[in-house]
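Submitted below is the structure of interest, expressed as structure tokens.
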């Protein structure tokens, strides 16, 4: 009986050590490095060479940022309306082009966050293409963790920093 109790305690301590060691890694869990190397979204028709940012920034509409869960580039159902608003505006304004700008919170390495930010931007781009927007009108950029909206170091700051912003140009 006593040895069974010691075995359970030993297993509990071992699990705590393993889990604790996993928490010390700077690399977020969930999305693997391999996932970030092979995006599963449409990329082939992104206009290369021309920079949409050289145009005039559209200021007559503001589309809220698409927010993401930690370590994810999956678009939540609650965020779809924001993308649909951008698509609707682009349908009504054929001369408008868009840059989807991906951002991350400060957790994770710089390289990882640059890749995750790009995947977020590509996910929003793919959704827009799925809504019928011509992919040649949409470019992507990643800023990783470099341009936070909130410089804080807690969940409320991290939540708003995990985003895709819409930059519309004529």
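The values are calculated or read from the model by the stated rules, or taken from the named source; none is laboratory data. Since this is a predicted model, take the numbers as computed values, not measurements. Glycine gets a Cβ as well: all are built from the backbone with ideal geometry, and neighbour counts include every protein chain shown.
Report yes if residue 95 is in contact (Cβ under 8 Å) with a residue 40 or more places away in the chain and either in a helix (DSSP H, G or I) or on the phi > 0 side of the Ramachandran plot (or both), otherwise no.
In short, no.
Do you know which of the residues in region 46-81 that are without any contact (Cβ under 8 Å) to a residue 24 or more places away in the chain and within 30 Å of residue 155 (Cβ to Cβ) is surrounded by the fewest Cβ atoms within 10 Å (Cβ to Cβ)?
Top of the filtered list is 77.
Out of region 137-167, which residues are over 30 Å from residue 91 (Cβ atoms) and either in contact with a helix residue (DSSP H, G or I) (Cβ under 6 Å, 6 or more places away or on another chain) or assigned to a strand (DSSP E or B) (or both)?
Residues satisfying the conditions are 144, 145, 148, 150.
The rows are residues; the columns are (1) more than 14 Å from residue 66 (Cβ to Cβ); (2) without any contact (Cβ under 8 Å) to a residue 40 or more places away in the chain; (3) surrounded by 21 or more Cβ atoms within 10 Å (Cβ to Cβ).
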{"residue": "86", "(1), (2), (3)": "no, no, yes"}
{"residue": "102", "(1), (2), (3)": "no, no, yes"}
{"residue": "112", "(1), (2), (3)": "yes, no, no"}
{"residue": "119", "(1), (2), (3)": "no, no, yes"}
{"residue": "123", "(1), (2), (3)": "no, no, yes"}
{"residue": "152", "(1), (2), (3)": "yes, yes, no"}
{"residue": "160", "(1), (2), (3)": "no, no, no"}
{"residue": "167", "(1), (2), (3)": "no, no, no"}
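Restricting attention to region 77-92, which residues are under 16 Å from residue 165 (Cβ atoms) and within 15 Å of the chain's Cα centre (by Cα)?
Within region 77-92, 79, 82, 83 qualify.
Going through region 54-76 one residue at a time, which ones are closer than 17 Å to residue 125 by Cα and either at pLDDT below 70 or within 13 Å of the chain's Cα centre (by Cα) (or both)?
Listed by number, the residues that qualify are 65, 66, 67, 68, 72, 73, 74, 75, 76.
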